[in-house]
Amino acid sequence: MEKPSHVAETPASGPSSGSTFPPVVTGGNKGVGLEVCRQLAAQGVTVILTARDEKRGKDAVESICRESNLSNVVFHQLDVRDDSSVASLARHIESRYGELDILVNNAAVVGVAADEEGLKALNLDAETWTSGRAATVLKDVFQNTYEVARDCLDTNYYGCKRVTEALLPLLKLSKSGAKIVNASSLASELKRMPNEELRKDLSNIDIWDEARIEAVLNTFMDDLKNGRLEEAGWPAMLPAYSVSKMVINLYTRILARRYPEMRVNCVRPGFVRTDINWNLGTLTPEQGARGPVMLALLPQDGPTGCYFDQTEMVNVW
Ligand SMILES: NC(=O)c1ccc[n+]([C@@H]2O[C@H](COP(=O)([O-])OP(=O)(O)OC[C@H]3O[C@@H](n4cnc5c(N)ncnc54)[C@H](OP(=O)(O)O)[C@@H]3O)[C@@H](O)[C@H]2O)c1
């Protein structure tokens, strides 16, 4: 990709990242993503807050300006499920900045249709929820419909891949060392995969590429359509969400292997009180954003291809 002659803005400076072109954060209008934008901006980095809905995105930028007195957050529309929206963001960054240093793939959906009243009435404590032991009782309040699961995979995995592939040519031009941060989850941990054969496969990174991931996701969707999720040994708790995050971990490792010059990592923000878990989480978005922000600002010789539980590196595969 040619570097344009009319690069308009001087890169902003981040504390530990050296000279940094504005990071892109997906799903930046609320929850952890909004807080990632705020914390990066507070560290002096100009941030591109993206959101699929223009009003929600612009309101979010305004809230950061108003509440934190920061003016270095700019908005760009991005629906991670929409090819033309993704291409439009890539064109904007190419023409405005010519390269990209940091991409935070944060946008996601939970992948079940929930009876919220019923869910709240269950009064689950955080431990039961995060351990995955709640799967049986949650069967009555969660519906794993084909359409909602398809939308979940298309947002959480294919959306991340779509945005990453569109921005990779610009990330490859980064002079300060590109960083990609993918939002993962406790639900991605392989001990939650009942299917033993698949669990073994998922822990062997050498055999995976995007085509193999797609094949596994197609099998998952077929099993869902045929009412075979339990029989085939897919995760009982939030099956589409869990599978989407398991493959996010794989995709992170594939990218890290393919681009050793980049720092590509995935992170679980913690059990954060946001809309994705019907505000049942126990951490604040401010706490949840610390891990993604740390990874976005990693030094060039920092870890790559790793999973972080908040700010701690852990082995989940
Ligand atoms: N909260 C937790 O306890 C927790 C735990 C583990 C992992 N995570 C992960 O952390 C990340 C952030 O989650 P959160 O807790 O902040 O959830 P959230 O408050 O529900 O935020 C999700 C964000 O994703 C956006 N989004 C959804 N579909 C999109 C699309 N097609 N295009 C662009 N943006 C889209 C949402 O935008 P709209 O407002 O337009 O819907 C929203 O901005 C997710 O990847 C999640 O899986 C969260």
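Looking only at GluC sites (Glu not before Pro) in DSSP loops with at most 16 other Cβ atoms within 10 Å, what is the longest site-free stretch of the chain?
The reported range is 10-229.
Work through the residues other than residue 260 whose Cβ is under 15 Å from its Cβ and net out their charges, Lys, Arg +1 and Asp, Glu -1.
Residues close to residue 260 contribute a combined charge of +4.
Give me a comma-separated list of calculated 3J(HN,Hα) values for the range 171-182, in order, Karplus coefficients 6.51, -1.76, 1.60 applied at θ = phi - 60°, integers in Hz, x for any Gly or Pro.
Along the range 171-182, the couplings run 5, 5, 8, 4, 8, 9, x, 5, 10, 10, 10, 10 Hz.
Taking a probe of 1.4 Å, how large is the accessible area per residue of the range 12-314, in Å²?
So the range 12-314 comes to 41 Å² accessible per residue, rounded to a whole number.
Give me the dipole magnitude in Debye, nearest 20, for the chain about the Cα centre, with unit charges on the beta carbon: positive for Lys and Arg, negative for Asp and Glu.
Its charge dipole is roughly 580 debye.
Towards the positive end of the charge dipole of the chain, with charges on Cβ (+1 Lys, Arg; -1 Asp, Glu), say which of 177, 254, 135 has the farthest Cα.
Of the listed residues, the answer is 177.
Taking only the C-alpha atoms, wrap a convex hull around the chain and report its volume per residue in Å³ as a whole number. Mind showing how you got there, number by number?
Numbers: hull volume 40.0 nm³, N = 317.
Expressed per residue, the convex hull around the Cα atoms of the chain is 126 Å³.
Going by the alpha-carbon gyration tensor, a ≥ b ≥ c the square roots of its eigenvalues, is the range 176-295 rounded (a/c under 1.5) or, if a/c is not under 1.5, prolate (a/b greater than b/c) versus oblate?
Verdict is oblate for the range 176-295.
If you take the beta carbon distance between residue 143 and residue 69 as r and set R0 to 51 Å, what does 1/(1 + (r/R0)^6) give as a FRET efficiency, to the nearest 0.05?
Here the calculated transfer efficiency is 0.70.
Quick one: net charge of residue 199's neighbours, Cβ under 12 Å, K/R +1, D/E -1?
So the surrounding residues net to -1.
Dipole of the chain (Lys/Arg Cβ +1, Asp/Glu Cβ -1, origin at the Cα centre): which of 276, 188, 73 lies farthest to the positive side?
Checking the options against the dipole of the chain, the answer is 73.
What pairs from 179/245; 175/200; 58/139 go past 30 Å between their alpha carbons?
Too far apart for the 30 Å limit: 175/200; 58/139.
Find the relative contact order for the chain and round it to a whole percent, using C-alpha pairs within less than 8 Å whose residues are 6+ positions apart.
Across the chain, relative contact order equals 20 percent.
For the chain, what % of the accessible area comes from carbon and sulfur atoms, probe 1.4 Å?
47
What is the local net charge at residue 302, summed over the other residues whose Cβ is closer than 9 Å to its Cβ (Lys, Arg +1; Asp, Glu -1)?
Combined, the nearby Lys, Arg, Asp and Glu give +1.
The values are calculated or read from the model by the stated rules, or taken from the named source; none is laboratory data. Everything quoted here is computed from the prediction, not taken from an experiment. We place every Cβ from the backbone using ideal geometry, glycine too, and count neighbours over all the protein chains shown. Accessible surface is based on the protein model in full, side chains and every heavy atom, while ligands, DNA and RNA are left aside. Shrake-Rupley method; radii C 1.70, N 1.55, O 1.52, S 1.80 Å.
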